[in-house]
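Just so it is clear, none of the values below were taken in a lab; they were calculated from the coordinates. A quick note: this is a predicted structure, and the numbers were derived from the prediction, not measured. Reconstructed Cβ throughout: ideal geometry from the backbone, glycine too, with neighbour counts over all protein chains shown.
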Amino acid sequence: MDGSKQGSAGKNGLSRRAFLEGGALTASVMALGAGLAGMAGCSNGASSSSGTTKEGTPSAEVGAGGSATGTPYEVYETDICIIGGGLAGIQAAMEAFDQGKNVIIVEKGPHGFGGVAGYNWDQFINFTRDDLPWDESGDFVLNELTNKKIAKATYEGWNHEQRNLLLNNSRLDNDLYQRDPETGEIQPLFDLPTLYGIYRGFPRHMLDKLGATGLKILDHTLASDVVVQDGTCTGVMGIHIPTGTFRVIRAKSTVCCTGASCWMYGWNTVAPMSINSPDNTGDIDAAAFRHGCALEGSEFFQNDLINIEPKGIAASFVSGIGADSGCCEYICDAEGNYFFKGMDYTTLNKITFTQAIAKCISEGHGTENGGVYVDFSTPEAFASIGETYIRNIELWKDVFGIDVEGIKLECGLEAYEHGGNPVVDETLMVEGLPGLFHARGGGYCGSQGGSSVNVAARNGAYATKKAIEYAEGVSLPPLDNDVVMAEYGRVYGLFDRSGGKRPQEIRRAIQMACYDACQPDRETSRMQAGIDELARIRKEDMPSMTLGDDSRVYNTDWKCAIENYNLLDIAEASAKAALFREETRGHMFRSEFPEQDDENWLCNVIEYYNDGDITCEKKAVVELDS
Amino acid sequence: MKVSVQKYDPSKDDAPYMREFEVEYHDNMTVLEALVQINDNQEPLVFDYSCRGRTCGRCAMALNGQACLACVTLVSENGKNEVTPLPGFPIVRDLIVDKTKMTDRIASIMVRQRAYPLELEEVLAPVDAETYKKIDPLEHCARCGVCTASCPVVAEIGMKNYIGPAGMIAIGLRYYDPYDQGDRIVEAVQNGMYNCTQCGTCDMVCKALEIDHQSLYKDLRAAAQERGLAPKEA
C-alpha cells in the first residue's frame with residue numbers, strides 16, 4: 001500500500017443497495033451506513049491490490065462470487081488455503097507447492113515478519129539422527145497423554161531424510177548452522193542416535209524462499225472465521241487490516257497453521273508472561289470452537305524461566321535472559337535457598353523443573369513479583385546462560401546499563417506454548433468440521449505438549465498432504481452469501497457500539513484473569529476468581545465493547561476487539577479445564593492436589609462451547625489400538 | 001513525563017499532526033511501553049510490534065528524529081520525547097509505515113541462487129572458519145529499516161541508487177554463503193555499493209550489535225576491485 005487516500009466508496013459505489021440485498025444482516029449492522037461508506041476497496045473481487053500482497057500467481061482465481069452478486073467484499077478461490085505463514089505454514093505451503101496445487105496463504109502480520117517465525121531468531125532445531133521408529137525417537141514429546149495415532153502418523157508422514165531439518169531447512173536457504181569458530185566444523189548441541197540438535201536455524205530464510213515460490217500470500221489479513229457451509233469448512237473470512245476490506249477466501253480444504261494463543265497469558269507492560277507474538281490470539285481455534293468443535297489440552301501450558309525486569313522486555317525470548325534446567329543449581333528462592341540442590345537430577349526435565357519452581361512459589365518463597373532468582377554471581381553460573389540468551393548480555397549493557405554478570409536476576413515462568421488445540425483425527429482434520437485441517441508444534445494432547453520446531457514443520461507438511469487428498473474428492477459449493485454476510489455483520493457491527501469499554505481495557509482484564517487461572521502455581525480460589533472474572537467480562541464487558549476509533553484504515557481497536565472474542569473463548573476454556581483437572585501434572589503444581597493422580601486423571605480433558613457456555617469432559621487417551 | 005506522537009489517518013486527515021500526552025514514567029521505560037500506555041489509557045494510537053527484542057523489526061520508528069526500535073530505545077523522563085514514523089517510508093497510519101519497498105527487495109536478494117539442491121554431505125562438511133565468523137553476525141539483521149532510514153546516502157539519492165545498509169547485509173550474507181552460486185559482487189555494484197560513503201552511521205544505529213557493516217563493505221569493495229568492477233573514478 002502506498003499510503004494514498006482511503007475511504008471513498010469504490011468504483012461500484014460500494015453499493016449500499018447491494019450490501020442490503022446481501023441479507024443475514026443484524027439490525028445493528030444495518031444501522032451502520034456511514035461505516036460502510038468508509039470501507040475502502042469494496043471491489044467486486046478484483047483484489048484491491050496493494051504493495052503488501054503478492055499478486056499475479058496463476059494459482060489463484062480471484063473474484064468469482066463477488067462479481068456475481070456485487071457484494072461488498074473480495075472473494076478469492078483456490079484449492080488449498082493455509083492460515084498462518086509460520087513454522088507449520090511454511091512447510092504446509094511448500095508441500096502444496098511441491099504438489100503443484102493452487103494455494104493462498106493468509107497471514108495476519110506482514111509476510112516474513114508475522115508471529116514467532118517472523119522473529120529473526122536463533123532457532124534450535126532437532127531431529128533423530130538415526131532412522132528410528134516413531135516410539136523410540138527423542139525428537140518430540142511422547143508421554144502418557146499424547147494421542148499415539150497422531151504421533152505415529154505425523155512422524156511417519158515424513159521419511160527419515162525429510163525429518164532431518166538440517167537438510168530440509170538448508171534447502172529452504174538456511175545458512176551454516178552453528179560451527180566451531182576455529183575449525184568451521186558443524187557444532188551440534190546434541191549428537192545422539194535418538195536426538196540431534198543444533199542452533200542457528202533462522203526461520204526468515206524459509207519465509208523468503210516461500211515468498212519466492214510465487215504462491216499467493218494475503219498478508220495483513222486477520223482471519224476472523226472459517227466459512228462453514230452444510231457442515232463443511234470451505235475457506236476462511238476476515239479483514240485486510242490496512243484497508244478494512246472484508247475478504248473471503250474459498251478453498252476446497254483449509255489448513256490452520258496459526259500458533260497457539262499465549263497472548264492471553266497475563267500482562268506486563270507490553271506483553272503477557274510469554275515469549276509469543278501479539279499475533280498469537282487463537283483466532284481459528286476459537287472459530288472452530290464456536291462452530292461446535294471441541295478443544296483439548298487447554299489446561300496445559302509449557303513454561304520457561306525468564307527475566308521479569310526490565311519490564312519492557314519481560315518474557316521476551318529474543319532480548320531477555322533466562323534459565324533452563326541446565327542452570328538449576330543457581331536458582332534460589334526469595335530467602336536465598338537454592339532449592340534444586342540435592343535434587344535427583346535424573347528426574348529433572350522441563351516438567352519437574354517448572355513444578356519445582358511453582359511449588360517453591362506456592363509455598364510462599366517466591367519473590368515480590370511472583371518469581372525466583374537466578375544467581376549469576378559466580379563465573380560458573382554466568383557460564384551456564386543458554387546460547388539463545390548470550391547475545392542479549394551486551395544489549396542489556398547497551399540499552400539499560402545492566403551487567404547481568406554478578407547479579408541475582410529475578411525471573412518468572414513464561415508460557416512459551418499452550419497445549420490446547422481443536423480435537424483432530426489422525427489426518428489432523430478437525431473433528432466435526434470436514435475440510436479444516438490443523439497443524440502446530442505444540443498440542444495434540446501431551447501434558448508437556450510442545451512446542452518444537454520440528455513437530456510444527458512435519459505436522460504442517462502432513463496436514464497439507466491430507467488436506468490435498470481431501471480436496472481431490474470434493475468440489476466447492478456455490479458461495480452462500482448469508483454465511484458471509486453473517487460474519488460481515490458480526491465484525492462490522494463492532495463499529496455500531498457506544499458507551500462501553502475500549503477493547504484494550506477488556507483485553508488486559510482477560511489476560512489477567514486467564515493468568516490467575518492458568519499460571520503454574522495453581523490454587524483453587526485464585527483459579528475460580530479468574531474464571532468468575534472471565535464470565536463477568538463475557539456478560540458485562542463484551543456486549544458493549546466500544547471502539548475508540550471509527551476509521552477503516554489500520555484500526556487496531558477493531559483488530560483488538562475481533563481478537564478479544566477469540567482470546568476470551570480460549571482463555572475461558574483453558575481456565576475451566578485447568579480447574580477441572582484436580583491433580584498435579586505437566587507444567588503446573590496444584591497445591592490442593594499436589595500429586596499426579598493416574599487413577600482419575602490419566603485422560604485428556606476436552607471443552608465444548610454452547611452459546612457462550614463452556615463445559616469440560618474427560619476423554620480417553622487415544623492409543624494405537626483404541 | 002511528556003511524550004508527543006505524530007498521528008495521521010490518510011483516509012481522514014489532510015496532513016500528519018502531533019499530539020502530546022502525559023505518561024507515567026518508570027525506570028528503564030522504553031518508547032514502546034510509553035506508546036502502549038497511551039493507547040491503553042488515553043486514546044487510540046496506531047503502531048505495530050511483535051518480538052520486544054530487536055528481531056522482528058516491526059516497531060521501527062523515530063524518537064526525536066532518530067530512527068530507532070521502540071522496543072529497545074528508552075524515553076527520557078525529563079527530556080524531549082517526540083515520536084514519529086520511520087523516515088523515508090510511506091505512512092499507512094500514525095506510526096505504521098509500509099516498508100515493502102525495502103523488505104521485498106531484501107527478501108528476493110536473500111533467496112539462495114543454486115543450480116542443484118544441497119545434499120546432506122555438503123551441509124555437514126566443514127566450512128572455512130573465517131567465512132563462518134563473517135556470516136554469523138549478519139544472520140541477526142532484523143530488516144527493521146533503522147539503518148536504511150538513518151542512511152544519509154539513501155536520504156540524498158534514494159534506494160533506487162543505493163539499496164541502503166540492510167540491503168547490503170543481504171547481499172553480503174549471500175556473498176559469504178559457501179552454498180550460494182550467484183554473482184553477488186555484480187549485485188552489490190548494481191545496488192549502488194559505490195555510492196556508500198562508509199560514514200559508519202549504520203553501525204552506530206543498528207541494535208544487532210554484532211554486525212560490523214564497515215568490514216563487510218570493505219570485503220565487497222575488495223572483491224569488486226579484483227573483478228575489475230570498481231568504477232573508474234573510485
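Would the stretch A:569-624 count as rounded, prolate or oblate if I go by the C-alpha gyration tensor, calling it rounded below 1.5 in a/c and otherwise prolate when a/b exceeds b/c, oblate otherwise?
Numbers: a/c = 2.49, a/b = 1.35, b/c = 1.85.
The shape class here is oblate.
With an 8 Å cut-off on Cα pairs and a minimum separation of 6 or more residues, tell me the relative contact order of the stretch B:57-191 in percent.
Working: 159 pairs, mean separation 34.7, N = 135.
Contact order relative to length: 26 percent.
Show me the ranking of peptides A:320-329, A:243-252, A:615-624 by mean Cβ neighbours inside 10 Å, starting with the highest.
Numbers: A:320-329: 20.8, A:243-252: 25.8, A:615-624: 13.6.
Packing order, densest peptide first, comes out as A:243-252, A:320-329, A:615-624.
Kirkwood analysis of the Cα pair distances in the stretch A:301-417 returns a hydrodynamic radius of 14.1 Å. Cα centroids of the stretch A:424-438 and the stretch A:551-605: 21 Å apart. Seen from every direction in turn and averaged, the convex hull around the alpha carbons of the stretch B:2-97 projects onto 5.9 nm².
For chain B, the mean residue ellipticity at 222 nm estimated from helices alone is -10000 deg cm²/dmol, where every DSSP H run of n ≥ 4 contributes -39500 (n - 2.57) and the total is divided by all residues, rounded to the nearest 500. Averaged over the residues of peptide A:115-125, the number of Cβ atoms from other protein chains lying within 10 Å of each residue's Cβ is 4.
Roughly what % of Cα-Cα distances in chain A sit above 47 Å, to the whole percent? Of all Cα-Cα distances in chain A, 12 percent exceed 47 Å.
First check a/c for the stretch B:174-234, with a ≥ b ≥ c the square roots of the eigenvalues of its C-alpha gyration tensor; if it is under 1.5, answer rounded, and if not, answer prolate when a/b is larger than b/c or oblate otherwise. Oblate. Taking Lys and Arg as +1 and Asp and Glu as -1, the other residues whose beta-carbon sits under 14 Å from that of residue A:506 total 0.
Classify chain B as rounded, prolate or oblate from the Cα gyration tensor: take a ≥ b ≥ c as the square roots of its eigenvalues, call it rounded if a/c is under 1.5, otherwise prolate when a/b beats b/c and oblate if not. Note, shape of chain B comes out prolate. Treating the angle as unsigned and between 0 and 90°, give the value, to the nearest 10°, between the Cα long axis of helix A:503-518 and the longest Cα principal axis of chain A. Tilt of helix A:503-518: around 40 degrees.
For the stretch A:439-514 versus the stretch B:169-234, the inter-centroid distance based on Cα atoms is 43 Å.
Listed by chain and number, the lysines placed with their C-alpha closer than 20 angstrom to that of residue B:80 are B:2, B:7; residues fewer than eight positions away on the same chain are left out. Helical runs (DSSP H, four residues minimum) scored at -39500 (n - 2.57) apiece and divided by the length of chain A put the mean residue ellipticity at 222 nm at -8500 deg cm²/dmol. Neighbouring Cβ atoms from other chains, within 10 Å of the Cβ of residues in B:112-125, number 4 on average. Note on the stretch A:394-420 and the stretch A:201-256: Cα centroid distance 34 Å, given to the nearest whole angstrom. Of all lysines in the structure, those lying under 17 Å Cα to Cα from residue A:501, and not within fewer than 8 positions of it along the same chain, are A:539, A:559.
Computed from label points 7 Å out along Cα-Cβ, the spacing between residue A:136 and residue A:529 is 5.2 nm.
On a 0 to 90 degree scale, rounded to 10, what angle separates helix A:556-580 from the longest Cα axis of chain A? For helix A:556-580, the angle is close to 50 degrees.
State the Kirkwood hydrodynamic radius of the stretch B:100-226 in Å, one decimal place, computed from all pairs of distinct Cα atoms. Show your work: numbers first, answer last.
Numbers: mean 1/r = 0.0667 Å⁻¹.
One over the average 1/r among Cα pairs gives 15.0 Å for the stretch B:100-226.
Can you work out the FRET efficiency for the pair residue B:114 and residue B:26, with r the C-beta to C-beta distance and R0 = 51 Å, to the nearest 0.05? Show your work: numbers first, answer last.
Numbers: r = 51 Å, r/R0 = 0.99.
After rounding, the FRET efficiency stands at 0.50.
Mean sequence separation of contacting Cα pairs (under 8 Å, at least six apart), scaled by the length of chain A, corresponds to a relative contact order of 18 percent.
Using R0 = 41 Å, the C-beta based FRET efficiency linking residue B:104 and residue A:191 works out to 0.60.
What average number of partner chain Cβ atoms lie no more than 10 Å from the Cβ of the residues making up B:84-94? Present the calculation step by step, with values, prior to reporting the outcome.
Numbers: counts 0, 1, 0, 0, 0, 1, 5, 3, 12, 11, 3.
So the per-residue partner count for this stretch is 3.
Given a cut-off of 18 Å, name the pairs among A:576/A:618; B:101/B:160; A:209/B:133 whose C-alpha atoms lie farther apart than that in the structure shown. Before the final figure, lay out each step's value.
Values: A:576/A:618 13 Å; B:101/B:160 10 Å; A:209/B:133 24 Å.
Violating the 18 Å limit, Cα to Cα: A:209/B:133.
Here the label points at residue A:397 and residue A:99, each 7 Å from Cα along the C-beta direction, are separated by 5.2 nm in the simple model.
Against the main long axis of the alpha-carbon atoms of chain B, helix B:165-176 sits at an angle near 30°. Only lysines eight or more places from residue A:341 in sequence, or on another chain, were considered; those with a Cα closer than 23 Å are A:350, A:359, A:408. Working from label points 7 Å from Cα in the Cα-to-Cβ sense, the residue A:591 to residue B:190 distance is 6.6 nm.
If r is the Cβ-Cβ distance from residue B:12 to residue A:603 and R0 is 45 Å, what FRET efficiency results, to the nearest 0.05?
Details: r = 55 Å, r/R0 = 1.22.
So the FRET efficiency works out to roughly 0.25.
Mean-square fluctuations from a GNM of chain B, with a 10 angstrom spring cutoff on Cα atoms, peak among B:217, B:175, B:132 at B:132. Packing here is the average count of other Cβ atoms within 10 Å per residue, and on that basis the peptides A:594-603, B:224-233, highest first, run A:594-603, B:224-233.
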